[in-house]
1. Where does helix 20-51 land angle-wise versus the long Cα axis of the chain, in degrees 0 to 90, nearest 10?
2. Quick one: accessible area per residue over the chain, 1.4 Å probe, rounded to a whole number of Å²?
3. List the chymotrypsin sites (Phe, Trp or Tyr not before Pro) in the stretch 70-168 that DSSP assigns to loop (not H, G, I, E or B) and whose Cβ has at most 13 other Cβ atoms within 10 Å. Which are they?
4. Calculate the radius of gyration of the Cα atoms of the chain to one decimal place, then report Dmax, the largest Cα-Cα distance, as a whole number, both in Å.
5. What FRET efficiency do you get for LEU70 and VAL137 if R0 is 22 Å and r is their Cβ-Cβ distance, rounded to the nearest 0.05?
6. Find which of VAL125, GLY115, LEU68 sits farthest along the positive direction of the dipole of the stretch 42-168, computed with +1 on the beta-carbon of Lys and Arg, -1 on that of Asp and Glu, about the Cα centre.
7. Ignoring any ligand, DNA or RNA, what whole percent of the accessible area of the stretch 69-108 comes from carbon and sulfur when the probe is 1.4 angstrom?
8. Based on DSSP H runs of at least 4 residues, each adding -39500 (n - 2.57), what is the mean residue ellipticity at 222 nm of the chain after dividing by all its residues, to the nearest 500 deg cm²/dmol?
Amino acid sequence: MPDGRGSADASPGDGRDETLNERSDRNWSELLQEFRVLQTGTQILAGFLLTLPFQPRFTELSGFDHVLYLVLVVLAVTVTLLALAPVIMHRLVFGRLEKPQLVRLSSRILMVCLGAASLLFAGIVLFVFDFVASPAVGLWAGGAVVVVIGLVWIVGPRLIRGARDRVS
């Protein structure tokens, strides 16, 4: 049903009275907030990682730890660069009425960033515990983080959906 502004609700029946453009603007704002949270942590972590080779004890790392360190640097830089991609794309398509497409692509990029960040955090825990305690402790600690990641990525959304279904 038209809303007096020349278009119907973006998603009829969801309880919101907004146009596709209004919904895109709201979703864009929400995405930017999520990217800000992600960027701060990963940029700090990337900066920290980049200082490690200049520490005296870096030479004590095992071959495995050197490889793991390089993988972590690549992950941190990848997350940081991908988190900047929506801002870059917004600047390049600004004013071209492409916000809905930008929101969809940025949402996908955010999911990739969150997946890579999850691997990064598990890898950092593995790396630190491996070096400070032992390789076995590193594997256990990294595995514990993977379990938490699984709970957040799989169990959390299922609980939310289940609660929604029980209310409906």
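1. Once rounded, the angle reads 10 degrees.
2. 65 Å²
3. Here the sparse-neighbourhood loop sites are PHE94.
4. 20.9, 69
5. Once rounded, the FRET efficiency stands at 0.55.
6. GLY115
7. Using a 1.4 Å probe with all protein chains present, the stretch 69-108 comes out at 72 percent carbon and sulfur.
8. So the calculated ellipticity at 222 nm is -26500 deg cm²/dmol.
The values are calculated or read from the model by the stated rules, or taken from the named source; none is laboratory data. Source: prediction; values computed, not measured. Quick reminder, even Gly has a Cβ in these numbers, built from the backbone with ideal geometry, and neighbours come from all protein chains shown. With ligands, DNA and RNA removed, areas are computed over all heavy atoms of the protein, side chains included. Shrake-Rupley method; radii C 1.70, N 1.55, O 1.52, S 1.80 Å.
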